[in-house]
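These notes are about the structure you will find just below.
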Amino acid sequence: MTSYDFTYKILMLGDASVGKTSLTLRYISGFFMEDLKLTIGVDFYSKTIDFIDNKVKLQIWDFGGEERFRFLLSQYCKGANGAFFLFDITNQISLDHLPDWTQIVRENAGDIPIMLIGSKLDLDEFRAVPTEDGILATKKYNLTSFIELSSKTGENVEKSFYDMTEILFERYSK
């Protein structure tokens with residue numbers, strides 16, 4: 001049996017089709033998968049990493065983004081240590097829903113670190129959300145940090161999880 005020095009529960013949140021499952025699977029497997037099925041409810045993944053001489057288990061809770069699953073979120077927030085909120089840089093509406101998601105998280109998980117993620121950076125030529133809007137939203141909604149990434153190319157995928165792990169480690173390992 002493997003023992004972990006730390007286990008962190010991370011929520012993967014955002015509207016349907018913003019890339020939550022693609023990001024999760026890219027991080028877990030190292031591969032980008034086309035034509036993923038819609039997440040029904042919640043899918044669970046985990047990855048064990050070495051972080052500053054510690055074994056850290058990341059439990060990733062990939063939450064279905066469709067409105068019809070939103071009622072489940074409050075229950076799944078309990079015990080969460082951090083969250084990624086993804087929006088699609090080619091879809092302004094996906095960022096507009098940020099306050100709805102963060103309100104549910106804050107009410108049910110408390111003031112956990114939430115990282116704002118602009119996904120689909122490989123589609124930059126079709127960008128509808130300027131980087132500055134992500135930076136402003138991070139400040140406005142008191143989020144931990146902001147990063148743009150591409151699950152397809154892998155750009156900033158590892159960095160996003162490393163940064164979140166570092167934030168969680170600093171917060172919860174004391």
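Here, each number is a calculation from the coordinates, and none is a lab measurement. Keep in mind it's a predicted model, so treat the numbers as computed, not measured. A quick note on method: Cβ atoms are made from the backbone with ideal geometry, for glycine too, and the neighbour counts reach across all protein chains shown.
Near the amide H of residue 51, under 5 Å away, which other amide H atoms are found, from residues 5 or more places off or on another chain, if H is placed in the peptide plane?
Hits under the 5 Å cutoff: 56.
Looking at the square roots a ≥ b ≥ c of the eigenvalues of the Cα gyration tensor of the range 79-165, which shape do they give, rounded for a/c under 1.5, prolate if a/b is larger than b/c, or oblate?
Verdict is oblate for the range 79-165.
When the Kirkwood radius is taken over all Cα pairs of the range 6-172, what Stokes-Einstein diffusion coefficient follows at 37 °C and 0.692 mPa s, in µm²/s?
On the way: Rh = 15.7 Å.
D = 209 µm²/s.
Through the Karplus equation 6.51 cos²θ - 1.76 cosθ + 1.60, θ set to phi - 60°, convert the phi angles of the range 16-23 into ³J(HN,Hα) values in whole Hz; use x for Gly and Pro.
Values per residue, Gly and Pro as x: 4, 6, 8, x, 5, 5, 4, 5 Hz.
Restricting to Cα pairs below 8 Å that are 6+ residues apart, what does the relative contact order work out to for the range 40-174? Please round to a whole percent. All intermediate terms of the calculation are to be shown ahead of the outcome.
On the way: 172 pairs, mean separation 26.2, N = 135.
Reported as a whole number, the value is 19 percent.
Output the 0 to 90 degree angle, nearest 10, between the alpha-carbon long axis of helix 131-140 and the longest principal axis computed from the alpha carbons of the chain.
Once rounded, one gets 60 degrees.
Dipole size in debye (nearest 20) for the range 1-55 around its Cα centre, Lys and Arg Cβ +1, Asp and Glu Cβ -1?
80
Determine the gain in length on full extension of the stretch residue 40-residue 28; use 0.36 nm per residue of separation and subtract their C-alpha separation, reporting nm with one decimal.
Answer, rounded to one decimal: 2.4 nm.
With a cut-off of 8 Å between alpha carbons and a minimum separation of six or more residues, what is the relative contact order of the range 16-107 in percent? Write down the numbers at each step before the final one.
Working: 87 pairs, mean separation 23.9, N = 92.
This gives 26 percent for the range 16-107.
With labels modelled as points extended 7 Å from the Cα through the Cβ direction, what inter-label distance (nm, one decimal) is found for residue 125 paired with residue 155?
With each label placed 7 Å out from Cα toward Cβ, I get 1.3 nm.
Please give the calculated 222 nm ellipticity per residue for the chain, where each DSSP H segment of at least 4 residues contributes -39500 (n - 2.57) and the sum is spread over every residue; nearest 500 deg cm²/dmol?
-10500 deg cm²/dmol
Spin-label point model (7 Å from Cα, Cβ direction): what's the residue 5 to residue 54 distance in nm?
With each label point 7 Å from Cα toward Cβ, the separation is 0.7 nm.
With 10 angstrom as the radius, rank 60, 114, 93 by how many other C-beta atoms surround their C-beta, starting from the fewest.
Ranking 60, 114, 93 by Cβ neighbours within 10 Å, fewest first, gives 93, 60, 114.
Which residues' amide hydrogens lie under 5 Å from the amide hydrogen of residue 17, considering only partners 5 or more residues apart or on another chain, with H built in the peptide plane?
Those qualifying (amide H under 5 Å, at least 5 residues apart or on another chain) are 65.
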